[in-house]
Amino acid sequence: SKKMERGSDVDNEPVLHIVVVGFHHKKGCQVEFSYPPIIPGAGHDSNTLPEEWKYLPFLALPDGAHNHQEDTVYFHLPPLDGQQKCVYGVSCYRQMEAKALKVREADITRETVQKSVCVLSQLPLFGLIQAKLQLITHAYFEEKDFSQISILKELYDHMNRSLSCTALEGSQICLGNSKTLFTTIVLILFKLILLEKKILFYVTPVKRLVETLMTVLSLFPGIIEHGLADSSHYQPRRSISEDFSSPEIISADEESLSMSTTDITNISKELEGRYDVSDQPDQSKPCNTTLDTHYLQPHAGSLLDSECEWETLEPHVMDEMEGKVDVAHSNMFDTDSGLPITVQPQSATGQGMLTSGLVSGLQEDQYGLPLAIFTKGYLCMPYMALQQHHLLSDISVRGFVAGATNILFRQQRHLSDAIVDVSKSVDEARIQIHDPELRKMLYLSTADLRFADYLVKHVTENKEDVFLDGTGWEGGDEWIRAQFGLYIHSLLSSALQQDHERLLADYGTAFTSAWKITHNYRVWISNKHLAMASITPGHPFQGQYSVADVKIRLSHSMQNSERGKKIGNAVMLTSRSVVQTGKAVGQSVGGALTVAKSAMSSWFSMLAQPTAAVSASPQSAD
């Protein structure tokens, strides 16, 4: 009966529970309040949790929380018995001095009180929930009496009334700003996720971490809205003592292979996969001609719809279906290029309805999106507690996109395929990859560099416009997501063509070969998506190689490589020296020019050896 009661609540209410997590000086992190009670029949102040949710206190009250006055956490919980979908958690943390409390309980022995207020929801409306929860958490602390729980019960009732009618829209999902983290590295992350690799984000504090990770995921059409339902299916360990047992730590001083944006942009000619076209397009604009901008609008379908059981297709079945789809779609596309694309917003009217994917089990649109990336053991954990460390090496976990703030995660590089370190600033963000074959897959082609350069220029230009103040369409968050929507639609359309090898070469031959054996590609290609007939195949920035491409590659190398930065510093040193007078002028300028000449010679030598630029050891060379 308890299961039925819980299942009834799940079906009817988008918000499952409001939870308060506190730090006890003897017991550590624990649940202090839940409404409705997490365990049916238990009291609101019960500390007992279902086995599946035993990591909840450590997720809601993150590592190093005492270092910040307040913080925000997004996290995912596995479904409980009888449920099928991921539970989305948003937690707002605050701390205050104990002496400021009006009512101080006996077990408060420390100088500060640390608590988090959490919302556990069935809808991934992270941004909207955070905005409301932050205000309520502030008001809850202002009471200075944590026994006053009426405000929390009111929050539960209010959210269930308001969220029930809320459409899953991009602006409601995540409050992260795509423009603040937009560099060429984002396209590399986009490809890494398509390849379903083990990706660890290392960013501090937690709010910056979760917003960075979720903003990257928001570039995939429909992923956050409908593609995370199966993203947290894992089994916790039986006892807390087993969660973390002094894993082997790799020294932080050990020499590592790190990949900056420039390492990936240095591509050998054989990896370019170029081909000539009759007309050379304007390199500053996309080349495709038509695009259904359906994906620019949110889907009105509810996340609470029924879900199919997963089906596993054998590889030979997939191969047969892929051949059939290619033939069926081969005559449906017009590959002639014409005017450049302009992606503009479109009204929600006339949208295709969401349907439950027969293979993926996800709610899919008419293009078969979202892709079935976070399924079959590929996890998405915006924040990962230290107690969940074992999941990195769990044999039932085939991959993950996870976020962490504890340095122990970053030091264990052998458990991840890629570590995204944005601990300093976005401009200094780096991706550490130790597998030379994976590095080869991620080399950005000329068309990819044009695409990235086009985006960066538009984002930068609009960011500096004080009149638009981020409200304009072009260069804004939705515009960025629209461009990546175009990228993935064009990639999928190209895969359906008879001459798909030629078309996919612009995305990187090594990358597309690896992508075609991923689970998400095999699931997508196993079904026919007739709406793809409206998407023009080929890379949006395909075309002949030109001098403009040399400038783009040179620009990326100058801005991101260590040698390029040395040249920039040398030039700045020269500029400052010129304004000096007398004897100091000659000496300073002469010294600066010597540094610049040396750096320039070394850097051009590096350009002449593309394989050495991306290989930190002899065995990683092609």
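With the simple spin-label model, which puts each label point 7 Å out from Cα in the Cβ direction, the H66 to A139 separation comes to 3.1 nm.
Over the C-alpha atoms of the range 368-507, the Rg to Rh ratio, Rh being the Kirkwood estimate, stands at 1.01.
Here each label is just a point 7 Å from Cα along the line to Cβ, and for S356 and N47 those points are 4.1 nm apart. Modelled label positions at K102 and I407, each set 7 Å beyond Cα in the direction of Cβ, lie 4.3 nm from each other.
Assuming a ≥ b ≥ c are the square roots of the Cα gyration tensor eigenvalues, decide whether the range 15-164 counts as rounded (a/c under 1.5), prolate (otherwise, with a/b larger than b/c) or oblate.
Numbers: a/c = 1.58, a/b = 1.39, b/c = 1.13.
Taking the square roots of the gyration eigenvalues as a ≥ b ≥ c, the range 15-164 is prolate.
For the range 15-164, the solvent-accessible area of protein heavy atoms averages 40 Å² per residue (probe radius 1.4 Å; ligands and nucleic acids excluded). Surface composition of the range 15-164: carbon plus sulfur atoms contribute 47% of the solvent-accessible area (1.4 Å probe, protein chains only, all chains present). Taking every protein chain into account, the 1.4 Å probe leaves M441 with about 40 Å² of accessible area, to the nearest ten. Computed from backbone phi with θ = phi - 60° and the Karplus coefficients 6.51, -1.76 and 1.60, the 3J(HN,Hα) list for the range 449-454 is 5, 4, 4, 5, 5, 4 Hz; x is used for glycine and proline.
Across the range 15-164, Cα pairs under 8 Å and at least six residues apart give a relative contact order of 25 percent. For the range 73-126, the Stokes-Einstein estimate of translational diffusion at 10 °C and a viscosity of 1.306 mPa s comes to 118 µm²/s, using the Kirkwood hydrodynamic radius over alpha-carbon pairs.
The values are calculated or read from the model by the stated rules, or taken from the named source; none is laboratory data. What you see is a predicted model; the values in this text were computed from it and never measured. FYI the Cβ positions are ideal-geometry reconstructions off the backbone, even for glycines, and counts take in every protein chain you see. These area figures cover heavy atoms from the full protein model, side chains too; ligands, DNA and RNA do not enter into them. Shrake-Rupley method; radii C 1.70, N 1.55, O 1.52, S 1.80 Å.
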